[in-house]
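Every number here is computed from the coordinates shown, using simple stated rules; none is lab data. On a predicted model such as this, the values are computed, not experimentally measured, just so you know. Cβ coordinates were reconstructed from backbone atoms using ideal geometry, including for glycine residues, and neighbour counts include every protein chain displayed.
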Amino acid sequence: MGNMVKLIVDGTELEVEEGTVLLDACLDHGIYIPHLCHLKGMEQPPASCRLCFVSIEGIAHPVPSCTLTVREGMVVQTDTNAVRGLQISALRLLLSVHDVDCAHCPANKKCALQKIAKFLHIGLKAKGLEIYLKEPRVVQDHPLIDYYPNRCVLCGRCIRVCRAQNGLPLMSFAKRGFDTVISFYGAASTLGCKTCFACLKICPVGAITLKTPNS
Amino acid sequence: MISEPYDQEAGQAFRSILREAMRRRSAFKEAVLPKIHIGMSTCGIASGALETKNAFETALNECGLSALIHSIGCIGHCYAEPVVIVERPGFPPILYYKVTPGKARMIVKSYLAEGDPLFEHLLGAMEENDLIPSVMDFPRFSRETRVITEKCGRIDPEDIYEYLAEGGYAALAGVLGRNPDHIIREITESGLRGRGGAGFPTGQKWMLARNADAGQKAIICNADEGDPGAYMDRTILESNPYQILEGMAICAYAVGARKGTIYIRAEYPLAVKILRCAVEQARVLGFLGKSILGTSFGLEIDLFEGSGAFVCGEETALIQSIQGDRGMPRHRPPYPAQKGLWNQPTVINNVKTFALVPTILAQGAAWFKSIGTETSPGTAIFSVVGSVVHPGLVEIPTGVTLKALILDICGGIPNKKRFKAVQIGGPSGGCLPEELLATPIDFDSLTEAGAMMGSGGMVVMDEDTCMVDVARYFLDFTQKESCGKCTFCRIGTFHLLRILERITRGEGREGDLEQLEELSIQIKEGSLCGFGKTAPNPVLTSLRYFRKEYEAHIREKRCPSGMCRALTAYYIDLEKCARGCDACVGSCPVEAIFTTEDRKKAVDQSLCVKCGECMVSCPVEYSAVKKVSPPHLAPVILRPVEKEAKKNA
Amino acid sequence: MKNNPVPEIEAILQDVTARLKDFRKEKCCLIPILQMIQHRHAHLPHETIKLVADHLGIAPCEVYGVATFYNQFRFHPPGKHPIKVCLGTACHVRGGSIILENFERKLRIKDGETTPDKEFSIERVACVGCCALAPVTVLDDQVHGHMAPSKVEGLILGFEIEKQKQEREKAKDDF
C-alpha cells in the first residue's frame, strides 16, 4: 500500500492512496460523477466524453476528473453551476445524435445515458437542438455482432477492452469528426474474434449487440 | 551575443567551409555577365515562372547573349509574380513584375541587348541610384522589417553555400561547445514567443525539455501549415530551408536532443523536395549528422509528411500522427516538453520560431527585444490576401496597427470598395471590423479583440463579403476537420454549422443567435484541445461585431452584402439592356438567360444558379444586370412561350 | 475493367509486397507506407490493407482507422485528370464554391467522385497556398489562377477536344 493523501470532496474529507485518479477516488467513496469513457486502471485517459468535470480550488475552469490524480489538500467540488452546466450541455449534445428509442434498446434501464440524465435531472431530449441520426442505422459487417451508430457515444471503451483481451484490437475508430464510427474492418474475413464479447459487455449504451436472427 | 566560434575545432571546420562559400559567391558576383534572378517558389511557378525562365533562355540564345540565370525563393510580393530581378553591369539591379514570357523576351532584347531598362515594366531598383526609382519608395517595401525572411528571395534555396555566404550557420558554429543554459537564457531574454499561434515563451519551453530527466529527447518542427489562407511557412521552407535546419540544430544542442523531425504537409511537394535537398547538403558539409562540425554533438533530422488533417497542427495530435496513429489530441498536461514523442521530452516549435533562432543568437537578445512591442518582441509575418491591392507575405515589427498593414503597406482595398473586415488567425481566429483597425498587431491585443495571432493568415474582406457566410465557411472547415474525439467539438461544431447554414439559406429563426452564442461558449469551455476551444471564435467575433447582418438574414431574409445565394437574385434591368446584345447569354453556365419579346434579355429565376457571370459580362456602358436581396425584389419576367401558355390557360 | 479484375489487383499487390521490404516493421511506418501505396497506385485498394497490417503486425482495422482519418487517402482510384478546386478562405470569398459547382454541373459528378469514363474526378481542397491568385483550381497538377465559371467550360472542353483528336488519330492508325 502506497502513501495516503487527504483531500476534500464536496466538504467531505477522503483518504485515498497516492496516485489514484480523482474520478476513481470519488466513485470508490460513493460520490457519483457522470462519466462515459473512463476505464479504471487505464494509463492515459482519453478524456473524450467531457462529462466528468469537477471544480478544483485554485483552478479557474472545471477540469475532467479523469485527468487528475489526487493531491494532498486538494479541494474538489462536484456540483457547482459551471460543472453542471458543462455536463448538461455535453449530455444534450450526445442526445442530439442519439436514437432515443429506449423501448427497443437492449440497454434500456441499464443505459448510462439514462442514468446520467436522471442524475442531472434532465429528460432524454436534446432541448433546443435538432436531432440528427446517421445512416445506416445498423452496421452488420461482423459475423456475430451488430453495431448501432446512433446509439454509440464513441467512448471507445470497447476498443480498449478488445485490445486488452486480444493483444490486437479487432475494432477501431474509423473515419473522422462527426462521421467517426466504430469499425470491425476485416473482421468478417479473418474472423479473429474470440467471441469473448467483452466489447458488448462494456458498452454503456447498447450500441454493440449480439446478432439476432431477425436483425 | 554569440558571434565567434567557441569550440576551436568546430571553428576551424566552419571557417574552411565559409571560405569556400565566399569564394563561390565572389566568383558569381564578379562575373561580368548579366544576372537574372527568378523567383521559383510555388506562387511564382503557379504564375508561370517556369515558362518565363524558358523564355529568358530562348531569348538569350536568339540574341546570342549569355547571362547567369539564378533561381531564388520568394520575396513575398505575390501580386507581382513572376518576379524577376535583372542585374546588368553598369546598372543597379532592377525588379520587374508580372514577367510573362513576352516580357522576358522584351527584357532580353531591349534591356540586356540595347540598354533600355523598360521603365514601364519595372517596379523599381533594388538599391538607391540616380537612374531608376528605388523600390524603397513604396511602403510595401520600405515599411517591412525582414528578420525571418531576410534571406528569402536572395539565395538559391538549393545551394547551402549561398546561405553560408549570407552569414548562415555562424550562430550554430558559435553555439557549439558553449553551456546550453547560456543559449536558453539568451532565447529567454530575447522574449521570443512561439510563432505557431499561441505565443508560448520559447525559452521556457526549451528549459522545460532541458530540465526533463530523460535519456533521449526529441525536437519537432511543426510545418503542418493548415490554415486556409496562410502560406508563410511554405514560403520560408521553399526560400530558405537552411535557416530552419540551423535553428533546429541549435535547439537540439540546447535541450540535449539528438533526433529531430520536420512534420511537413504532403500538400507542399516543392517545399518537401527543397527541404530534402537541404538536409542532404547540410549532412554532407557536417551541419547535420553524427558529429556536427567535428564535435561530439550530433543530430539527425527526418522528414515526416503529414497526410492532410488540420488538427495535426495541434502538438499532441501531431505526435500521434508521427507515431502512426489517428491524429487525435490528448489531454495536456503532461505537455510534450515533459512527455512527447515516444514519451520523450519533446520541443515542438513552428517553422518561423526555429527560423528566428539563428538570427537572435547572432545578433543578440537585446537587439531582438528592441524590435516590436515589449510583450511580443520581434517581427510578425502575415500572408495578407483577399481584397487588397498588394497581397502577399509581409513581415512587420509587432505593434504596427492593422490599419497601417492593410491600408498603407498592402495598398488598401481595390476596385473602390469599402473595407469591411479582416479575418486573422484562420479558423481559430476572428473577424475584426473597421472600428478595430487601430489595434496593434501583437499576441495580446489581437486575443483581446477576439481574434488571434494564429500562424499568420490574414484575409481582407470588402463590402461584398457576408460575415454570416464567412462564419459559416469557417465552421464548415472546422466541422470537417474536427478529429471527432470529444463530444463538444464533434457534435457542437456540427450544430453550429447547421444553424449557420440555415441562416444563410434564409431559414433563420428567432433564438438562433442566442443559441449560437450559448453553444459557442460551451464548446470553448468544454472541448479537449486548442482546436475545439478556438473553433467557435469566427462565430463569436462576427456576432460581436456584425450582429446586424445576422439579424437582417433572420428577420428580413436579406443578405446585406448580396453573397448568400439563397437570399439574392440577379435580374436584367430592361431599361438599360441593349436590344440585340447577347453578351450575357454565352456567359451563363445554365442557359438561364432568354430573349424577351422586344429582343432584350431576362433571367429565368428558376434556372439561375447566381454565379454572377452575366453581371461580369454585361458591357459597362449598359451595366444592366442587377443583384438584389431579398430575391423577391427581382421583377418577374416570363419567357415568351410561358406568357403564351398563361394567356391560353 | 470488369472483364479481368484479377490481374490488375494482383499486380498492385505484388508491387506493394516488394516495396514493403524497404520499411521497418514499426507502427510509425504506417503512414509513410500508405503514402507510398497511394503515390504509386493513386489509391489504397482494400486488398492492400491486410498486407500492410501483416507487415507491421497490427490489426487491419487499425490500418483502416488511420487511413480513413486523413484526407490524403482514398479507396477509389481518381480520374485521369484530377480536378482540385481550392476552397481556402481567399478562394471562398472570391467565389470558389461557384467554381466547384460549375465543375460538378459540367461533369455531372459531385465532389469526391469520378466520372463514369474515369476521365475526371473532382476534389475540394482546403488551401493550395496560392491565395493571391484566388480563386484557384489545380488540374493535372497545374495551377489555374483567377478562375471564373466561364473558364471551367473551356478547360474541360480543351481536354475533350484533345481526347477526340487522339481517338481520331488512333482510329486512323488502326485503319
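For the reader, a short list of remarks on this structure follows.
- Taking N as its residue count, the alpha carbon Rg of the stretch B:598-638 over 2.2 N^0.38 Å: 1.18
- Sorted by Cβ neighbour density within 10 Å, fewest at the top, the residues B:CYS466, B:CYS559, A:CYS196, C:CYS29: A:CYS196, C:CYS29, B:CYS559, B:CYS466
- Percent of beta bridges antiparallel (DSSP, chain A, rounded to nearest 5): 90
- Averaging the Cα positions of each part gives two centres, and for the stretch A:26-60 and the stretch A:63-103 these lie 8 Å apart.
- Helix B:269-285 axis, angle to chain B major axis (alpha carbon atoms, nearest 10°): 0
- Global geometry of the stretch C:29-175, whether rounded, prolate or oblate, following the gyration tensor of its Cα atoms and the 1.5 cut on a/c: oblate
- Principal-axis tilt of helix A:81-96 within chain A, Cα atoms, nearest 10 degrees: 0
- Candidate lysines for bridging to B:LYS151, where Cα separation is under 25 Å - those fewer than 8 sequence places away on the same chain excluded: B:LYS29, B:LYS35, B:LYS53, B:LYS98, B:LYS273, B:LYS352, B:LYS369
- Computed with the Debye formula from one identical point scatterer per Cα of chain A, without solvent, the log10 of I(q)/I(0) at q = 0.10, 0.11, 0.12, 0.16 Å⁻¹ comes to -0.49, -0.59, -0.69, -1.11.
- Dimensions of chain B from C-alpha coordinates, computed as largest minus smallest value along each principal axis and given longest first, are 100, 68, 41 Å.
- Hits among aspartates and glutamates - C-alpha to C-alpha of B:LYS290 under 20 Å, sequence gap 8 or more where chains match: B:ASP7, B:GLU9, B:GLU246, B:GLU280, B:GLU300, B:ASP302
- The Cα atoms of the stretch B:52-98 give a gyration tensor whose axes a ≥ b ≥ c have a/c of 1.5 or more with a/b no greater than b/c, which makes the shape oblate.
- Share of Cα-Cα pairs in the stretch B:568-648 lying beyond 15 Å, as whole percent: 52
- Stokes-Einstein diffusion of the stretch B:1-46 at 20 °C, 1.002 mPa s viscosity, Kirkwood radius from Cα pairs, rounded to a whole number: 155 µm²/s.
- Note on B:329-339: average number of Cβ atoms from other chains within 10 Å of each residue's Cβ is 2.
- On Cα atoms only, tilt of B:49-63 relative to the major axis of chain B in degrees: 70
- Annotation: the antiparallel percentage among DSSP beta bridges lying fully within the stretch B:379-465 is about 80.
- Test item: C:81-92 mean partner chain Cβ contacts at 10 Å: 5
- Low-density loop positions, GluC sites (Glu not before Pro), the stretch C:56-163 - DSSP coil, at most 14 other Cβ in 10 Å: none
- Peptide B:457-463 shows a mean partner chain C-beta count of 3 within 10 Å per residue C-beta.
- Sparsely packed trypsin sites (Lys or Arg not before Pro) within the stretch B:359-442, loop by DSSP, other Cβ within 10 Å at most 14: B:LYS416, B:LYS417, B:ARG418
- At q = 0.10 Å⁻¹, base-10 log of I(q)/I(0) for the protein assembly as shown (Debye sum, equal scatterers on each alpha carbon): -1.41
- For the stretch B:26-117, share of DSSP beta bridges that run antiparallel, in % to the nearest 5: 60
- Percent of Cα pairs exceeding the 20 Å cut-off, where the set is the stretch B:379-465: 20
- Of A:LYS6/A:LYS201; A:LYS40/A:LYS194; B:LYS109/B:LYS417; B:LYS627/C:LYS118, those spanning more than 30 Å from alpha-carbon to alpha-carbon: A:LYS6/A:LYS201; B:LYS109/B:LYS417; B:LYS627/C:LYS118
- Fewest-first ranking of A:CYS158, C:CYS131, using other Cβ atoms within 10 Å as the exposure measure: A:CYS158, C:CYS131
- For the stretch C:1-98, alpha-carbon Rg relative to the globular expectation (2.2 N^0.38 Å, N residues): 1.29
- Gyration tensor verdict on the stretch B:217-353 (Cα atoms; rounded if a/c is under 1.5, prolate if a/b is larger than b/c, oblate otherwise): oblate
- Nonlocal amide H pairs with C:VAL125, under 5 Å, H built at 1.01 Å: C:VAL85, C:CYS86, C:LEU87
- Helix runs (DSSP H) in chain C reaching 30 Å along axis by Cα, Kyte-Doolittle at least -1.0: none
- The order of B:HIS553, C:HIS81, going from fewest to most other C-beta atoms within 10 Å of their C-beta, is C:HIS81, B:HIS553.
- Working ranking of peptides B:643-649, A:132-138 by packing, defined as the average number of other Cβ atoms within 10 Å per residue, highest first, is A:132-138, B:643-649.
- Estimated FRET transfer efficiency (B:CYS581, C:ALA171; beta-carbon r; R0 35 Å; 0.05): 0.25
- Divided by 2.2 N^0.38 Å, where N counts the residues, the Cα radius of gyration of the stretch B:468-556 comes to 1.00.
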